[in-house]
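Below: the structure, in structure tokens.
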Amino acid sequence: MARAKRRSPAKKSAPATRRKTQASSRQDAIALLKADHREVESWFEQFEKTRSDQKKLELAGKICLALKVHTQIEEEIFYPAFLEATEEEDIHHEAEVEHNGAKKLIAEIEASGPDDDYYDAKVKVLSEMIKHHVKEEEQRDGMFAKARESEMDLQQLGEQLKARKMQLMQGKEPAPRGRRGLVASLMNS
């Protein structure tokens, strides 16, 4: 009897797991972009807490790559759709300018390392820039709210963002040389 009880929850959880997996694979554009925001925020927090130069280098690499991929998919897919659907030029242009500032700082971080006296400061300033950018995108009257109010097909955009993100992220594997190639292509775009 105890055996039957153990199997029963497993059988019930399998369809729930499948549904959850299917649902997460169908994230709308805003959910996908917000998930990226939370992931990078977590890495910034870890960076701030660690004292290990190796861990700082690893976290900064993750942060920089994730932000470059994120900014690229926003600029290629989300922002043009947002601008077309909402005609909110001020919000769009400000987001683009913020991206350009972040890209410059990312390049400086990648060109240095923990032995640079300004390395931690550069990562901290990047964190603050990203927090500001995220707040503006996610606030009640920000870009994401206006996107939800518009005629944008957020499900379809989510699929496009996810597919493009996967393409870009695959470019970083398996060796650091591959990531540098991606970094160069992202910084030149």
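The values are calculated or read from the model by the stated rules, or taken from the named source; none is laboratory data. None of the values given here were measured: they were computed from a predicted structure. Heads up, the Cβs are rebuilt from the backbone with ideal geometry, glycines too, and the neighbour counts pull from every protein chain shown.
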Fill in the blank from the handout: Pairs returned, first residue in segment 49-78 that is more than 11 Å from ILE106 (Cα to Cα), second residue that is hydroxyl-bearing (Ser, Thr, Tyr) and part of a helix (DSSP H, G or I), beta-carbon separation under 8 angstrom, 6 or more apart or interchain, are LYS56/TYR119
Exercise for the section: Would you mind listing the helices (runs of 4 or more DSSP H) fully within segment 113-175 where at least 3 residues are without any contact (Cβ under 8 Å) to a residue 24 or more places away in the chain? Expected result: 119-138, 154-170
Problem - Residue count, segment 79-112 (criterion: more than 18 Å from the chain's Cα centre (by Cα) and free of Cβ contacts under 8 Å to residues at least 24 places away in the same chain) - result: 9
Practice task
Determine whether segment 71-79 contains at least one residue that is surrounded by fewer than 17 Cβ atoms within 10 Å (Cβ to Cβ) and in a helix (DSSP H, G or I).
Solution key: yes
Problem - Tally of residues being modelled with pLDDT under 95 and touching a Ser or Thr at 6+ places or on another chain (Cβ under 7 Å) across segment 19-63 - result: 0
Exercise for the section: For segment 94-118, enumerate the residues that are within 24 Å of GLU76 (Cβ to Cβ), surrounded by fewer than 17 Cβ atoms within 10 Å (Cβ to Cβ) and not charged (D, E, K, R). Expected result: VAL97, ASN100, GLY101, ALA107
Practice task
Starting from residues that are assigned to a helix (DSSP H, G or I) and touching a helix residue (DSSP H, G or I) at 6+ places or on another chain (Cβ under 7 Å), keep the ones in segment 48-63 and report whichever is farthest from LYS131 (Cα to Cα).
Solution key: LYS56
